[in-house]
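**Student:** Below is one structure. I have some questions about it.
The values are calculated or read from the model by the stated rules, or taken from the named source; none is laboratory data. Note that the structure is a prediction, hence the values are computed from the model and not measured. All Cβ positions, even for glycine, are placed from backbone atoms using ideal geometry, and neighbour counts span all protein chains on display.
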Amino acid sequence: MSNLNTGLAGFGKRDDWTVEIDELIDVNLYGIAIHNNRFTFQVSGFPLNRIVEFQQFLRTRPKDQTFSLHKGPTGRVDCAEHDDRLFLRLINNGECGANLAEFAIEAPECDLLAAAVEEAIKDAESRG
């Protein structure tokens, strides 16, 4: 998908959290980029409603539940709630086993992230 043209579809910001929703032009798929002062995270290749479901998971954070934001042939992106923290996990299936990058987000920060995602969704929907 790296050869596809992209354009900004929506933008949201809360405190240190910035969220950009990008549209993959002509294929009706989207991506999300999340930035804060500790990390930058970006993934793409799914419908906009998947980002809406991600935002709902961030808002409700069901105890000890996992939400799979994206699955591909070489890995996946999961969000898991555990001990009042949200873990954003990038899991890559390597030749010798799974590779993992994990970011922990405390509950108050998760609320700010959820608000930034919600703002970006509303911006994307208003642009049509």
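**Student:** Which residues, counting only those in the stretch 15-33, are among the acidic types (Asp, Glu) and under 16 Å from Asn49 (Cβ atoms)? First the steps, then the outcome.
**Tutor:** Initially, the stretch 15-33 is screened for residues among the acidic types (Asp, Glu), giving 15-16, 20, 22-23, 26.
Asp22, Glu23, listed by residue number.
**Student:** What are the residues in the stretch 40-50 that are among the polar types (S, T, N, Q) and either in a strand (DSSP E or B) or over 21 Å from Lys71 (Cβ atoms) (or both), if any?
**Tutor:** Once the filter is applied, which keeps residues that are among the polar types (S, T, N, Q) and either in a strand (DSSP E or B) or over 21 Å from Lys71 (Cβ atoms) (or both), the stretch 40-50 yields Thr40, Gln42, Ser44.
**Student:** Look through the stretch 83-128, keep the residues that are in a loop (DSSP other than H, G, I, E, B) and at positive phi, and return whichever of them is nearest to the chain's Cα centre (by Cα). Can you show your working first?
**Tutor:** Residues of the stretch 83-128 that are in a loop (DSSP other than H, G, I, E, B), as a first pass: 83-84, 95-96, 128.
Narrowing further to those that are at positive phi: 83-84, 128.
Values: Asp83: 20, Asp84: 19, Gly128: 20 Å.
Once the filter is applied, the top-ranked residue is Asp84.
**Student:** Still on this model: When the residues of the stretch 58-74 are narrowed to those that are assigned to a helix (DSSP H, G or I) and touching a residue at least 24 places away in the same chain (Cβ under 8 Å), which ends up surrounded by the most Cβ atoms within 10 Å (Cβ to Cβ)?
**Tutor:** It comes out as Leu58.
**Student:** Next up: Among all residue pairs at least 6 apart or on different chains, which show Cβ distances below 6 Å where the first residue, located in the stretch 1-26, is among the charged types (D, E, K, R) and the second is outside any strand (DSSP E or B)?
**Tutor:** Lys13/Ala116; Arg14/Leu112; Arg14/Ala115; Arg14/Ala116; Asp15/Leu112; Asp16/Asn36; Asp16/Asn37
**Student:** Is it the case that the stretch 112-125 has a residue that's within 21 Å of Trp17 (Cα to Cα), at pLDDT 95 or above and surrounded by fewer than 14 Cβ atoms within 10 Å (Cβ to Cβ)?
**Tutor:** Yes, that holds for at least one residue.
**Student:** So, of the residues in the stretch 45-74 that are of a type in the set (Lys, Arg) and touching a helix residue (DSSP H, G or I) at 6+ places or on another chain (Cβ under 7 Å), which turns out to be farthest from Ala120 (Cα to Cα)?
**Tutor:** So the residue we want is Arg61.
**Student:** Shifting gears a bit: Can you name the residue in the stretch 1-18 that is assigned to a strand (DSSP E or B) and within 26 Å of Pro73 (Cβ to Cβ) and is also modelled with the lowest pLDDT among such residues?
**Tutor:** Step one: of the stretch 1-18, the residues assigned to a strand (DSSP E or B) are 6-14, 17-18.
Filter once more, so that each one left must be within 26 Å of Pro73 (Cβ to Cβ): 6-7, 9.
Values: Thr6: 87, Gly7: 92, Ala9: 95.
Out of the qualifying residues, it is Thr6.
**Student:** So which of Val77, Val19 is touching a His at 6+ places or on another chain (Cβ under 9 Å), more than 19 Å from Glu125 (Cβ to Cβ) and surrounded by 17 or more Cβ atoms within 10 Å (Cβ to Cβ)?
**Tutor:** Only one candidate passes the filter, namely Val77.
**Student:** Test Arg50 against the stated conditions and say whether it is crowded, with 19+ Cβ neighbours inside 10 Å, among the charged types (D, E, K, R) and over 15 Å from Thr18 (Cβ atoms).
**Tutor:** In short, no.
**Student:** In addition: When you check Asn37 against the structure, is it exposed (fewer than 15 other Cβ atoms within 10 Å of the Cβ) and in a helix (DSSP H, G or I), yes or no?
**Tutor:** no
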